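First up is the structure itself, then whatever we jot down about it.
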Amino acid sequence: MIRTITLAAILCSSILSLQAQTTIVLQPGPADGKDAEIFSCVPCGYNNHNYGTKRDFNAIAWTKNGNTSLVRSLIEFDLSQIPQSAIIHSATLSLYFNPTSEEGSHAQYLGCNDSYIQRITSPWSESTVTWDNQPTTTPLNRISLPPTTYSSQSFTNINVKKLILDSRRFSTSSFGFMLSLQNECVFKKLIFASSDNPNPAIRPKLTITYTHIQTARLGNDDDISNPVIYPNPVVGAATIALPADVANGLIKIEVYNMLGKLCSQTEAYADDDKLIGFDASSLSPGIYILNLQAENTKYTQRMVVK
């Protein structure tokens, strides 16, 4: 049976502090970057050879001595400096064309070179990964990149927010991203620079903007009995502190206006800290009803957005 509880509008035994937005730019080089290419060509001997120091970050379907040779690229950024309680506002990935690549430039013969960026779900090592032992991936929230429009095109500010959120939500099964062609039939190429490229300006770059939520418990570390949204009124983003007895897992969030119209719906993942972020930037100023569904418990709260 579903139990409905009205959210308390007071902070009870927790104090939440919403800090200013922070933007970090991750663009590692050869010493601290982690990326690699993997090649499929068995007759060429490429399939079990490691290419962890290549200066390219490519996705290719071509031939080598008459044999089909596919190339995919893997990359993993270090996200450890982002607090677990942070609200992610934006995350963008930039891939830059490599003008000095021995593979030449982008190409799309016999079909388009549109591609996927998807999350890697098993561990891999830059120094040992090959085509034969490549990690697994998931199509969940994968990014679809369109075909190139000219031979030296860079793809900047690719929206990878959902992939970053998934990486934090599934932290034990997230190990970066894989770039691959959507249709791995010859002849197609995507030619970008890797973290090992000597030109630091064209190495892969991940830019993340977030707000850090800090909490402090009062008294005898008593847990709050009802969820609390803070701040309320909401300006841009807020955080929701859940009761300690809410099980870790998905929290469904629905926002309705005062006429009962559904304005937004999303999901968040409750971890041990019982804090979930809420992005209200798409909502117009006004009064809303916020519904949260956690397992068999439903919580409601009136929320003001400025």
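The values are calculated or read from the model by the stated rules, or taken from the named source; none is laboratory data. The structure displayed is predicted, hence computed values, not measured ones. Don't worry about glycine lacking a Cβ; one is built from the backbone with ideal geometry, like all the others, and counts go over all protein chains shown.
Is there a residue being in the same structural domain as Ile120 (by TED's automatic domain parsing), modelled with pLDDT under 95 and touching a Pro at 6+ places or on another chain (Cβ under 6 Å) anywhere in the stretch 66-73?
yes
Could you check the stretch 272-306 and list, in sequence order, the residues that are small (Gly, Ala, Ser), assigned to a loop (DSSP other than H, G, I, E, B) and either assigned by TED's automatic domain parsing to the domain that holds Lys162 or surrounded by fewer than 17 Cβ atoms within 10 Å (Cβ to Cβ) (or both)?
Those that are small (Gly, Ala, Ser), assigned to a loop (DSSP other than H, G, I, E, B) and either assigned by TED's automatic domain parsing to the domain that holds Lys162 or surrounded by fewer than 17 Cβ atoms within 10 Å (Cβ to Cβ) (or both): Ser281, Ser282, Ser284.
Could you please give the count of residues in the stretch 254-271 that are touching a residue at least 40 places away in the same chain (Cβ under 8 Å) and either touching a Phe, Trp or Tyr at 6+ places or on another chain (Cβ under 7 Å) or surrounded by 17 or more Cβ atoms within 10 Å (Cβ to Cβ) (or both)?
1
Kindly provide the set of residues from the stretch 168-221 that are within 19 Å of the chain's Cα centre (by Cα), at pLDDT below 95 and basic (Lys, Arg), ordered by number.
Within the stretch 168-221, Arg168, Arg169 meet the criteria.
Return a yes/no flag: does the stretch 112-119 have any residue that is within 26 Å of the chain's Cα centre (by Cα) and charged (D, E, K, R).
Yes, the stretch 112-119 contains at least one residue that is within 26 Å of the chain's Cα centre (by Cα) and charged (D, E, K, R).
Could you please find all residues in the stretch 70-91 being of a type outside the set (Gly, Ala, Ser) and buried (at least 17 other Cβ atoms within 10 Å of the Cβ)?
Once the filter is applied, which keeps residues that are of a type outside the set (Gly, Ala, Ser) and buried (at least 17 other Cβ atoms within 10 Å of the Cβ), the stretch 70-91 yields Leu70, Val71, Arg72, Leu74, Ile75, Glu76, Phe77, Leu79, Ile82, Ile87, Ile88, His89.
Rundown of residues vs (1) touching a Leu at 6+ places or on another chain (Cβ under 7 Å); (2) under 23 Å from Pro198 (Cα atoms), yes/no style:
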site	(1), (2)
Gly33	no, yes
Glu37	no, yes
Gly45	no, no
Gly66	no, no
Glu76	no, yes
Ala86	no, no
Thr92	no, yes
Glu103	no, yes
His106	yes, yes
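For Asp132, which of the numbered conditions (1) more than 14 Å from the chain's Cα centre (by Cα); (2) more than 23 Å from Thr63 (Cβ to Cβ) fails to hold?
Only one criterion is unmet by Asp132, namely (2).
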